[in-house]
Amino acid sequence: MESANNRDVKVSLVHQRPPIWRNVAVLKWLAQFAVLFTVLGLFWLLASEARENLQRRGIPAGYNWLSGPANFQLGEGIQTIDSPERRLTMSRALWVGMVNTLRVAAIGIVLSTILGVFIGVSRLSKNFIANRFASAFVETMRNIPLLVQILFWFVILGSLAPLAADSGPIPGWLIVSQKGISIPRVFLADGFYQFVAMLFVLAVPLWFIRRTLKRRQDELGGNQRVTSTTVAYLSVSTLVAWFLNPVMGFLGGVLDSVATAWNAIPALIIRGLFGVLIIWFAGARIRSLLNSRRTPVGFAKLTDNDWFQMLFTAFAAGIAALVVVRFRPGISTWFVESVGNFWSFLGAKFGDGRGAQPIDAMLPTLTEGRFINISNTGLTMSVFFASLLFGLVFYTSSYIAEVVRGGVLAVPRGQSEAALALGFTRGQMLRKVVLPQAFRVIMPPLGNQYLNITKNTSLGIAVGFSEIVQVGQTVYNKNSQTLAVFSIYIAFFLFCSLSISAVVNTINRRLAIVER
């Protein structure tokens with residue numbers, strides 16, 4: 001009788017799988033897929049409706065207009081006017097705007113970081129003047145809108161003296177006027193790529209030298225002069241590569257052969273390789289997820305979210321491979337042409353009687369005529385570029401300063417006291433003890449400021465700077481392709497933001513404290 005009761009209890013405890021319409025895991029997956037396809041369908045419906053409305057108004061939908069002539073002149077950039085050598089198409093004009101945006105963002109990120117770190121450390125200084133000046137800077141810049149600051153700098157720079165034959169303040173070296181600010185320009189000469197190639201070859205033995213010296217230092221102790229040996233070797237290698245880099249001219253023929261061989265690959269093979277590569281990446285992602293669930297006693301139980309991630313990765317990879325191989329073969333053709341052009345570009349940088357000088361410089365000069373203008377010999381910042389850059393740098397650096405100050409204060413005070421007890425100066429303490437630890441706290445909010453700089457470049461339209469938004473406005477005023485131009489805006493800024501976020505996240509992972 002007792003055994004029968006135990007048998008009944010065991011039977012009642014056996015887990016019975018619920019029917020599929022009541023299975024929580026299945027319902028969760030179905031709900032997520034339903035939401036996904038609903039959102040995609042909504043976007044498709046809106047796109048179809050927009051296409052019909054444009055066609056009803058006689059405006060062609062799509063992006064075929066990108067290959068048409070721009071028929072307007074840009075204020076500044078890598079190309080400003082149409083020429084027989086390089087046609088200024090709509091796509092080229094938008095590309096010029098993108099390059100201008102990236103140029104302002106990159107320079108602004110570097111300068112605002114340097115200024116922000118300096119101001120942030122100064123706010124913690126015991127020097128009364130430095131502390132008060134930094135505090136006044138932060139409180140002033142943070143409380144004035146960015147657009148007002150950009151317009152302020154535009155008015156200030158526009159009020160400078162007109163350009164004259166003796167414009168200074170240092171004629172021939174520094175020219176400041178209503179036309180902009182011009183300084184000497186350093187540029188890459190004919191032998192630069194040969195110089196880099198030879199320097200790379202000469203630097204290969206340095207890896208073995210440093211490895212040997214570090215091993216000897218670990219085994220024997222003492223100072224094996226690793227740093228001084230590295231500096232001396234690199235100095236000699238740079239000097240040798242500066243004068244003897246024409247020896248690397250033979251790489252031109254090698255790279256041209258690589259370009260020819262690459263262009264000879266059939267597009268069908270490239271499409272197949274693209275599909276295989278997409279499937280391989282999906283498999284690697286799934287394998288990585290499974291490995292993360294591995295324990296010393298085997299695999300841990302996979303959650304519903306894990307199964308969903310694997311299924312979604314496989315599904316997305318299949319769709320992407322199908323699109324690349326079957327429906328959009330032009331993607332692989334574009335890739336083949338781009339890679340072939342890259343190898344041809346590198347091949348043209350070697351040989352052909354190129355000189356040995358890798359770097360050269362030119363001073364700013366003036367061209368006289370009906371009007372005096374700054375020539376292209378120097379590095380010139382227009383009033384539009386400078387006003388946008390100054391506004392971004394001063395505004396963003398005030399926020400970065402507070403981020404740096406907070407990060408420094410987050411480091412335990414005992415670290416500073418220990419550094420001072422070891423005889424470190426205050427500067428050594430900041431460089432070697434405090435700031436390296438503070439960067440773990442600083443990097444996430446610092447990345448947000450970098451994103452803000454990139455997105456705030458769109459305010460350049462207020463002063464007429466030829467960034468992507470200003471150029472795009474000119475484009476859709478000419479062809480009424482407002483929706484298409486705004487989609488390019490979205491894709492461009494989304495790409496920039498995701499790229500910066502990826503870099504910042506990578507740095508965060510490298511700086512994270514690894515615990516056992």
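Bear in mind that the values in this text are calculations on the coordinates, not laboratory data. What you are looking at is a predicted structure, and each value in this text was computed from that prediction instead of being measured. Every residue, glycine among them, receives a Cβ derived from its backbone with ideal geometry; neighbour counts consider all protein chains shown.
Counting Lys and Arg as +1 and Asp and Glu as -1, each charge on the Cβ, what is the dipole of the chain about the Cα centre in debye, to the nearest 20?
Dipole size: approximately 1540 debye.
Mind listing the phi-derived Karplus ³J(HN,Hα) values for region 182-192, rounded to whole Hz, using 6.51, -1.76 and 1.60 with θ = phi - 60°, and x for any glycine or proline?
For region 182-192, the Karplus curve yields 10, 10, x, 10, 9, 9, 7, 8, 4, x, 5 Hz.
Name the residue farthest towards the positive end of the dipole of the chain from the options 162, 249, 404, assuming +1 on Cβ of Lys and Arg, -1 on Cβ of Asp and Glu, about the Cα centre.
With unit charges placed on the Cβ atoms, the residue in question is 404.
Where nothing but the Cβ of Lys and Arg (+1) and of Asp and Glu (-1) is charged, how large is the charge dipole of region 192-347 around its Cα centre, in debye to the nearest 20?
It comes to approximately 520 debye.
Using the Cα centre as the reference, give the magnitude of the dipole from point charges on the C-beta atoms of region 277-435 (Lys, Arg: +1; Asp, Glu: -1; all else neutral), rounded to the nearest 20 debye.
Using only the charged Cβ atoms, the result is roughly 560 debye.
How large is ³J(HN,Hα) for each residue in region 479-494, as worked out from phi by the Karplus curve 6.51 cos²θ - 1.76 cosθ + 1.60 (θ = phi - 60°), to whole Hz, x for Gly and Pro?
Working through the residues one at a time gives 10, 6, 8, 5, 5, 5, 5, 5, 5, 5, 3, 4, 5, 5, 5, 5 Hz.
To the nearest Å, what is the center-to-center distance of region 233-260 and region 378-405, using C-alpha atoms only?
Cα centres, region 233-260 to region 378-405: 38 Å.
For region 335-446, what does the alpha-carbon gyration tensor say about shape, rounded, prolate or oblate, given a ≥ b ≥ c as the root eigenvalues, a/c under 1.5 as rounded, and a/b over b/c as prolate?
Because a/c hits 1.5 or more and a/b exceeds b/c, region 335-446 counts as prolate.
Here are some values of mean projected area of the Cα convex hull in nm²: [x] 41.1; [y] 27.9; [z] 24.7. Which one was computed from this structure?
[x]
Given Cα pairs under 8 Å that are at least 6 residues apart, what percent is the relative contact order of region 192-347?
31 percent
As a footprinting exposure proxy, order 89, 140 by other Cβ within 10 Å, with the fewest listed first.
Arranged by neighbour count, lowest to highest, 89, 140 become 140, 89.
Can you show me the helix-derived [θ] at 222 nm for the chain, built from DSSP H runs with n ≥ 4 at -39,500 (n - 2.57) apiece and divided by the number of residues, rounded to the nearest 500.
-22500 deg cm²/dmol
Using the Kirkwood formula over every pair of different C-alpha atoms, what hydrodynamic radius in Å results for region 192-347?
For region 192-347, the Kirkwood estimate is 20.8 Å.
Restricting things to Cα coordinates, could you compute the convex hull volume per residue of region 17-98 in Å³?
Per residue, the Cα convex hull of region 17-98 comes to 163 Å³.
Specify which residue in the list 133, 122, 465 is farthest towards the positive end of the charge dipole of the chain, using unit charges on the beta carbon of Lys, Arg (+1) and Asp, Glu (-1), about the Cα centre.
122
Using alpha carbons only, how many angstrom separate the centre of region 152-220 from the centre of region 409-424?
For region 152-220 versus region 409-424, the Cα centre distance is 36 Å.
Which one, 58, 366, 500, is farthest towards the positive end of the dipole of the chain when Lys and Arg carry +1 and Asp and Glu -1 on their Cβ?
Projecting each Cα onto the dipole axis, the largest value belongs to 500.
Read phi for every residue in region 306-322 and hand back ³J(HN,Hα) as whole Hz from Karplus 6.51 cos²θ - 1.76 cosθ + 1.60, θ = phi - 60°, with x for Gly and Pro.
5, 4, 5, 4, 5, 5, 5, 4, 5, 5, 5, 5, x, 5, 4, 5, 5
Normalised by the residues of the chain, what does the relative contact order come to in percent, with Cα pairs under 8 Å and at least six apart?
25 percent
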